[in-house]
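Enquirer: Just dropping this structure here.
The values are calculated or read from the model by the stated rules, or taken from the named source; none is laboratory data. In this text the structure is predicted, and so the values were computed from the model without any measurement. When we count neighbours, we look across all protein chains shown, and the Cβ atoms used for this are built from the backbone with ideal geometry, even at glycine. Side chains included, ligands, DNA and RNA excluded: accessible areas come from the protein's heavy atoms. Shrake-Rupley method; radii C 1.70, N 1.55, O 1.52, S 1.80 Å.
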Amino acid sequence: MESLGDDAATAVAPIAKWRNDFSRTFQYYLDRSTPHLAERWLGTLAVAAIYVLRVYVLQGFYIVSYGLGIYILNLLIGFLSPKVDPELEVLDGASLPTKDSDEFKPFIRRLPEFKFWYSITKALCMAFLMTFFSVFDVPVFWPILLCYWVVLFVLTMKRQLMHMIKYKYVPFSMGKQRYTGKKTSTSGLGSTVD
């Protein structure tokens, strides 16, 4: 009776080893892609274009696309929001400055850029795979879904912008700021005109 258990364990061992090796290799390439911001987003844009083309050609899977849009909107809110929300959480020293006299604290996102990119890419791949199964092709009048998503997007972004204005933070930075100091004026130093 014990040999039956040993046979099952030896049959599962190569599968577990292959899964572990695949997971390590995948994580290795994922880690190597971290500094290549533009290339990662161009790849995601290509996956999104392929998905949109497939939905357009099939003329279906609008519910999947709507769900994908809602999920991406949710990720976008996390990407634009601070890690510590001054409205919801108790201030524990990691809050955003609300007055000019407050000490500057850098903006820390609730959802970092890499996780934002990775989640969008996974969602696009899953939505693409769902287009191969007719069970997800629910007949629906897509203009209503599109209008509802646009209204939801506008209202959500308006609320997010109001939050940014109220707590005076900008979730984007264009690199390190450089200060040049005061410029000296040379116009009044005895220059004569002939």
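Enquirer: Between a first residue in the range 121-143 that is over 17 Å from I70 (Cα atoms) and a second residue that is outside any helix (DSSP H, G or I) and of a type in the set (V, I, T), which pairs have beta carbons less than 9 Å apart while being 6 or more apart in sequence or on different chains?
Expert: D137/T131
Enquirer: Give the residue, chosen from L152, L189, that is surrounded by 10 or more Cβ atoms within 10 Å (Cβ to Cβ) and either assigned to a helix (DSSP H, G or I) or modelled with pLDDT under 75 (or both).
Expert: Working: L189 fails: surrounded by 10 or more Cβ atoms within 10 Å (Cβ to Cβ).
The match here is L152.
Enquirer: Tell me which residues, restricted to the range 78-122, are among the aliphatic types (A, V, I, L, M), at pLDDT 70 or above and either farther than 28 Å from V55 by Cα or open to solvent by 20 Å² or more (accessible area, probe 1.4 Å) (or both). Lay out the reasoning, then the answer.
Expert: From the range 78-122, those among the aliphatic types (A, V, I, L, M) are 80, 84, 88, 90-91, 94, 96, 108, 111, 120; that's our starting set.
From the residues that got through so far, the ones that are at pLDDT 70 or above too are 80, 84, 108, 111, 120.
Selection gives L80, V84, I108, L111.
Enquirer: Provide a single number: the residues in the range 28-61 that are part of a helix (DSSP H, G or I), surrounded by 14 or more Cβ atoms within 10 Å (Cβ to Cβ), under 17 Å from the mean Cα position of the chain (by Cα) and of a type outside the set (A, V, I, L, M, F, W, C). Step through it out loud before you land on a result.
Expert: First pass over the range 28-61, keeping only residues part of a helix (DSSP H, G or I): 28-32, 37-58.
In the following step, the residues that additionally are surrounded by 14 or more Cβ atoms within 10 Å (Cβ to Cβ) were identified as 40-41, 43-44, 47-48, 51, 54-55.
So of that shortlist, the ones also under 17 Å from the mean Cα position of the chain (by Cα) come out as 40-41, 43-44, 47-48.
Okay, now just the ones that are also of a type outside the set (A, V, I, L, M, F, W, C), so 40, 43-44.
Residues that pass the stated criteria total 3.
Enquirer: Examine the range 110-125 for a residue that is outside any helix (DSSP H, G or I) and touching a Ser or Thr at 6+ places or on another chain (Cβ under 8 Å), and state whether such a residue exists.
Expert: Residues of the range 110-125 that are outside any helix (DSSP H, G or I), as a first pass: 110-112.
Adding the requirement that they be touching a Ser or Thr at 6+ places or on another chain (Cβ under 8 Å) leaves 110-111.
Checked the range 110-125: at least one residue is outside any helix (DSSP H, G or I) and touching a Ser or Thr at 6+ places or on another chain (Cβ under 8 Å).
Enquirer: Can you tell me how many residues within the range 63-77 are open to solvent by 50 Å² or more (accessible area, probe 1.4 Å) and not β-branched (V, I, T)?
Expert: Residues meeting the conditions: 3.
Enquirer: Cβ-Cβ under 7 Å, sequence separation 6+ or interchain: first residue in the range 72-86 and aromatic (F, W, Y), partner surrounded by fewer than 17 Cβ atoms within 10 Å (Cβ to Cβ). Which pairs?
Expert: Every condition considered, the pairs that remain are F79/R109.
Enquirer: Can you go through L53, L42, L68 and tell me which one is modelled with pLDDT of 95 or more and either basic (K, R) or under 21 Å from L30 (Cα atoms) (or both)? Steps first, answer last, please.
Expert: Values: L53 fails: either basic (K, R) or under 21 Å from L30 (Cα atoms) (or both); L68 fails: either basic (K, R) or under 21 Å from L30 (Cα atoms) (or both).
It is L42.
Enquirer: Return the residues of the range 127-147 that are surrounded by fewer than 13 Cβ atoms within 10 Å (Cβ to Cβ) and either assigned to a helix (DSSP H, G or I) or under 22 Å from the mean Cα position of the chain (by Cα) (or both); say none if nothing qualifies. Full working, then the answer.
Expert: Taking the range 127-147 and keeping what is surrounded by fewer than 13 Cβ atoms within 10 Å (Cβ to Cβ), we get 129, 132-135, 138-139, 141, 143-144, 147.
Within the range 127-147, L129, S134, V135, P143, I144, C147 qualify.
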